[in-house]
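**Q** Dropping the structure in here first, questions after.
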Amino acid sequence: MRTTQYLHDDYDNFIVAEDINRRAKRYHFFESVEEFERYRPTLSNNLYEVIVDKQRLYFDIDSDIEVDIQPLLDLLVNPTVYTSHRPGKFSYHVLDSRYVNDNVQCKYQANLIREQLPEPLKSKIDMDVYRRFQLLRLLGCCKYGVDNPKIGPGSLKDSLVTNIEGCSLIEDCDIPYPRLDLRYQQRKLHKLLS
């Protein structure tokens, strides 16, 4: 494991954030998901996948009432649903089997799909999760101080937004605003981690 505070130019690392308290995180850089899984027993259960670059199309749904997510699933290709419900809160992470090149494309595609959905589902989709530097809980993990692990089918690797193996690229991402280049994203992440 590398615990360097910067990204290499060839950054194909698997990056994990760990809550060390309610306000602070520690970042870990691994050569692969397999390396992380070997090291995982030494970490807490408050872990997040760091999403910076290529990513599967995904949706974060949070609601204080149970909502029918089937209309969303009907618009996706081979979707997978992960949950982390707790009393008074229903929480879903839904992953598509297609991917895009960055957060701007992901937000754009997610919004195109969101606009086709009925209420109340449409308003329960969190559109603030498509940042250049985004964290999503890992399978089996909880937020700091809360005991509602993310659960769902398959392996840890299957559940990762950044795992694009076997996924198809959405090529028709004609976005009406400029995309930020990868070098800019790397500099921003380096600054954040410094």
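**Q** How about segment 89-138: which of its residues are of a type in the set (S, T, Y), farther than 19 Å from Q70 by Cα and open to solvent by 50 Å² or more (accessible area, probe 1.4 Å)?
**A** Within segment 89-138, Y108 is the sole residue that qualifies.
**Q** What are the residue pairs meeting all of these: first residue in segment 35-64, first residue closer than 26 Å to V104 by Cβ and open to solvent by 30 Å² or more (accessible area, probe 1.4 Å), second residue assigned to a strand (DSSP E or B) and at pLDDT 95 or above, Cβ atoms under 6 Å, and 6 or more apart or on different chains?
**A** From segment 35-64, the pairs are K54/Y99; D62/S91.
**Q** Could you list, in sequence order, the residues of segment 155-173 that are open to solvent by 50 Å² or more (accessible area, probe 1.4 Å) and more than 16 Å from the chain's Cα centre (by Cα)?
**A** Once the filter is applied, which keeps residues that are open to solvent by 50 Å² or more (accessible area, probe 1.4 Å) and more than 16 Å from the chain's Cα centre (by Cα), segment 155-173 yields G166, S168, L169, E171, D172.
**Q** Could you count how many residues in segment 83-102 are closer than 18 Å to G166 by Cβ and either touching a helix residue (DSSP H, G or I) at 6+ places or on another chain (Cβ under 6 Å) or modelled with pLDDT of 95 or more (or both)?
**A** Applying the first criterion (closer than 18 Å to G166 by Cβ) to segment 83-102 yields 94-101.
Narrowing further to those that are either touching a helix residue (DSSP H, G or I) at 6+ places or on another chain (Cβ under 6 Å) or modelled with pLDDT of 95 or more (or both): 94-100.
Total satisfying the criteria: 7.
**Q** Looking at segment 83-96, I want the residues that are over 16 Å from G145 (Cβ atoms) and touching a residue at least 60 places away in the same chain (Cβ under 8 Å) and have a partner that is open to solvent by 50 Å² or more (accessible area, probe 1.4 Å) and in a strand (DSSP E or B) with Cβ atoms under 7 Å, at least 6 apart or on another chain. Which pairs are those?
**A** T83/I151
**Q** Let me ask another. Just the residues that are modelled with pLDDT under 95 and farther than 20 Å from F133 by Cβ, please, taken from segment 45-66.
**A** Listed by number, the residues that qualify are I65, E66.
The values are calculated or read from the model by the stated rules, or taken from the named source; none is laboratory data. Note that the structure is a prediction, hence the values are computed from the model and not measured. Because the Cβ atoms are built from the backbone with ideal geometry, glycine has one as well, and the counts that use them run over all protein chains shown. Remember, those area values only see protein heavy atoms, side chains included, never the ligands or the DNA or RNA. Shrake-Rupley method; radii C 1.70, N 1.55, O 1.52, S 1.80 Å.
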